[in-house]
Amino acid sequence: MKNTMIITDTLSAMTPELEREFDVMVVPYHVFVDGKDYVDNTYDRDLLFTRLESYNNLPTTSASNAGDILTACRQASQSVKNIVYIAIASTISASYNAGLRAKEMAKQELPGVNIEVIDCQTSICGQLLVVLAAARAANDGKSLREITEITRRVMSQVIYLTVPETMFFFERAGRTGNEPVITNAPVSIFPVIEIDSTYKGVPKFINQNRSKAKAVEKMLEMMTDKCRGKRVRAALSYTNNLDEAEKLRDKLLSRFDIVGEIYIVPHSTAASVVAGPRALSLSFYTED
């Protein structure tokens, strides 16, 4: 019997279909367009990318706040006594700290409810793989301790790689970690960026490539080095370039022993504001 609810944020790229299938609750980020607050994934995606590609009057975002997370905990507490909130890497968002505040607020309001807040140290489809692993454990009726152990083990194994079409949006959002900016490079550069526990959630430039095709191939080379001969779980995410994600999925299926399906999910609208048009991400971990 299920006794733990998994809660996450919309930057996990959790689709409504996966939310229902795995019985996960999702707390929204917010997107601000012309001063108006839109709950994540409610602003029209076509209009969003038209605006992003214009580089004018660009939207901004904000993380789920403690009140948003507490509201989800209230709802979850009606059916379970244990909650695990899995936040995007605390190095790139305030969501984790908001979760800690919500946990403190819940001590008085929700006595008897146990809440664990986990900084998954990764992002987007990397976060998705962590959340799905936690949800599988919860749906199997495992204890809170077992679920948190599984979650932390998977997050230590997940590799998240992303190739932006341009670094402008990453740099605008302050998501380049300690790396030097490259927006004004004299030639187009397509970096592979890693965000996971390898670097404690701090974005790290792995290499810089003169073409996007070479950057994608570098991601595949890295995956081959880490996954050779092993069974793999994988997920892909994209902004407005589903075609590129589908082509990458086909390459993964031809090269690796994939467990289950390869999830192909869109970045949320808030995540797209940070990543920019035609960003492509790959996440994976091996099953021993």
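Derivation of every value follows stated rules applied to the coordinates shown; laboratory data play no part. Keep in mind it's a predicted model, so treat the numbers as computed, not measured. Don't worry about glycine lacking a Cβ; one is built from the backbone with ideal geometry, like all the others, and counts go over all protein chains shown.
What the table below lists for this structure:
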item: Fewest-first sequence of Thr10, Thr61 by Cβ atoms within 10 Å of each Cβ; result: Thr61, Thr10
item: Dipole-positive endmost among Thr162, Pro16, Val232 within the chain (Cβ charges, Cα centre); result: Val232
item: Helical contribution to [θ] at 222 nm, DSSP H n ≥ 4, -39,500 (n - 2.57), averaged over the chain, rounded to 500; result: -12000 deg cm²/dmol
item: Sparse-neighbour loop sites [chymotrypsin sites (Phe, Trp or Tyr not before Pro); the stretch 97-172; at most 11 other C-beta within 10 Å; DSSP]; result: none
item: Integer Hz, Karplus 6.51/-1.76/1.60 couplings in order for the stretch 94-107, x for Gly and Pro; result: 8, 4, 5, 5, 5, x, 5, 5, 4, 4, 5, 5, 6, 4
item: DSSP-loop chymotrypsin sites (Phe, Trp or Tyr not before Pro) across the stretch 1-62, with at most 12 other Cβ within 10 angstrom; result: Tyr55
item: Backbone HN-Hα couplings from phi across the stretch 31-46 [Karplus 6.51/-1.76/1.60, Hz, Gly and Pro as x]; result: 10, 10, 10, 6, x, 9, 8, 10, 4, 3, 6, 9, 7, 4, 5, 4
item: Amide H contacts of Thr61 (H built 1.01 Å from N, under 5 Å, at least 5 apart or other chain); result: Phe32
item: Karplus-derived 3J(HN,Hα), 6.51/-1.76/1.60, for each residue of the stretch 228-244, Hz, glycine and proline x; result: 3, x, 10, 7, 10, 9, 9, 8, 10, 9, 8, 9, 10, 9, 3, 4, 5
item: Relative contact order of the chain, pairs being alpha-carbon contacts under 8 Å that are 6 or more residues apart, as %; result: 21
item: Amide H partners (placed H, <5 Å) of Thr8, local residues excluded; result: Met25, Val26, Val27, Ile86
item: DSSP beta bridges in the chain [antiparallel fraction, %, rounded to 5]; result: 55
